[in-house]
Amino acid sequence: MTMVFASVSCLSQDKVFGEIIASVLAQDLEQMPDGINKIKGDDVFVNRIRGKARYLEGSQAEIHKEYIDIHLTLTGSETLGFVVEPEALSFMQDQPFNNDCELKDTVMNEQFITLEQGHYCVFYPQEWHRPMVQLSGELESVDKVVIKVRAALL
């Protein structure tokens, strides 16, 4: 699998995630509390995030074993680091994956993409990604949701 980058204006064309994203957007996201909000139990849930971006130095990349991450920027913009090549299975097998997440300070061949309001990026299990980073300037606020989908559902 490889990451997906798209806009919510094209949800009808996204046959895999369009319906899931549309159902989350139908929620009252302004009133949704920060943190985990269950949509379909442990199979689909939302992590509501309102916070400041972080500088690359001092941030960590993350990887998941069972869940797909859909990062959706609600207002403002957000830069995410990512690695095109999936992580080697040896790393995946050697980690305990507490809470379906492992972190690393550095990853090889990291690239960056900036999501503007209404953009989303999908990361499959075994794909390194580094959310909420800012490469320069004064740290800005990020208003977003991360939709977590159990990969086994697809």
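The values are calculated or read from the model by the stated rules, or taken from the named source; none is laboratory data. Keep in mind that what you see is a predicted model, and the values were worked out from it rather than measured. Here the Cβ positions follow ideal geometry from the backbone for every residue, glycine too, while neighbour counts run over all protein chains shown. Surface areas here come from the heavy atoms of the whole protein model, side chains and all, with no ligands, DNA or RNA. Shrake-Rupley method; radii C 1.70, N 1.55, O 1.52, S 1.80 Å.
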Inset, instruction - Scan the stretch 29-46 for residues that are buried (at least 16 other Cβ atoms within 10 Å of the Cβ) and under 28 Å from E85 (Cα atoms) and report the count. - result: 3
Legend entry - Enumeration of residues in the stretch 101-124 that are modelled with pLDDT of 90 or more and in a strand (DSSP E or B): Q111, F112, I113, T114, L115, E116, H119, Y120, C121, V122, F123
Inset, instruction - Filter the stretch 35-58 down to residues that are in a loop (DSSP other than H, G, I, E, B) and more than 15 Å from the chain's Cα centre (by Cα) and give me whichever is nearest to G137 (Cα to Cα). - result: L56
Inset, instruction - Search the stretch 24-35 for residues that are closer than 17 Å to G118 by Cα and pair each with any residue that is open to solvent by less than 90 Å² (accessible area, probe 1.4 Å) and of a type in the set (V, I, T) when their beta-carbon atoms are under 6 Å apart and the residues are at least 6 apart or on different chains. - result: V24/V46; V24/I147
Legend entry - Among (1) touching a helix residue (DSSP H, G or I) at 6+ places or on another chain (Cβ under 7 Å); (2) β-branched (V, I, T); (3) assigned to a strand (DSSP E or B), the one test that I21 misses: (3)
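Go through E78, E127 for me and flag whichever is more than 16 Å from A151 (Cα to Cα), in contact with a Ser or Thr (Cβ under 8 Å, 6 or more places away or on another chain) and either of a type outside the set (S, T, Y) or assigned to a loop (DSSP other than H, G, I, E, B) (or both). Explain how you work it out, then say what you get.
Details: E127 fails: more than 16 Å from A151 (Cα to Cα).
Only one candidate qualifies: E78.
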Legend entry - Top-ranked residue of the stretch 20-58 - restricted to ones that are touching a Leu at 6+ places or on another chain (Cβ under 8 Å) and charged (D, E, K, R), ranked as farthest from D105 (Cα to Cα): D43
Inset, instruction - With respect to N98, determine if the residue is at positive phi and either at pLDDT 95 or above or open to solvent by 20 Å² or more (accessible area, probe 1.4 Å) (or both). - result: no
Inset, instruction - Among the candidates A26, A53, single out the residue that is open to solvent by less than 20 Å² (accessible area, probe 1.4 Å) and of a type outside the set (F, W, Y). - result: A53
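Does the stretch 122-132 contain at least one residue that is out of contact with any strand residue (DSSP E or B) (no Cβ under 8 Å at 6 or more places or on another chain) and farther than 26 Å from S9 by Cβ? Step through it out loud before you land on a result.
Within the stretch 122-132, the first condition is being out of contact with any strand residue (DSSP E or B) (no Cβ under 8 Å at 6 or more places or on another chain), and the residues that meet it are none.
No, the conditions are met nowhere in the stretch 122-132.
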Inset, instruction - Look at E85 and say whether it is more than 25 Å from E138 (Cα to Cα), at pLDDT below 95, under 14 Å from the mean Cα position of the chain (by Cα) and surrounded by fewer than 15 Cβ atoms within 10 Å (Cβ to Cβ). - result: no
Inset, instruction - Given the conditions (1) of a type in the set (K, R); (2) open to solvent by less than 70 Å² (accessible area, probe 1.4 Å); (3) part of a loop (DSSP other than H, G, I, E, B), report the number of the one that K65 does not fulfil. - result: (2)
Inset, instruction - Name the single residue, out of those in the stretch 105-154 being out of contact with any Asp or Glu (no Cβ under 8 Å at 6 or more places or on another chain) and of a type in the set (D, E, K, R), that is surrounded by the fewest Cβ atoms within 10 Å (Cβ to Cβ). - result: E138
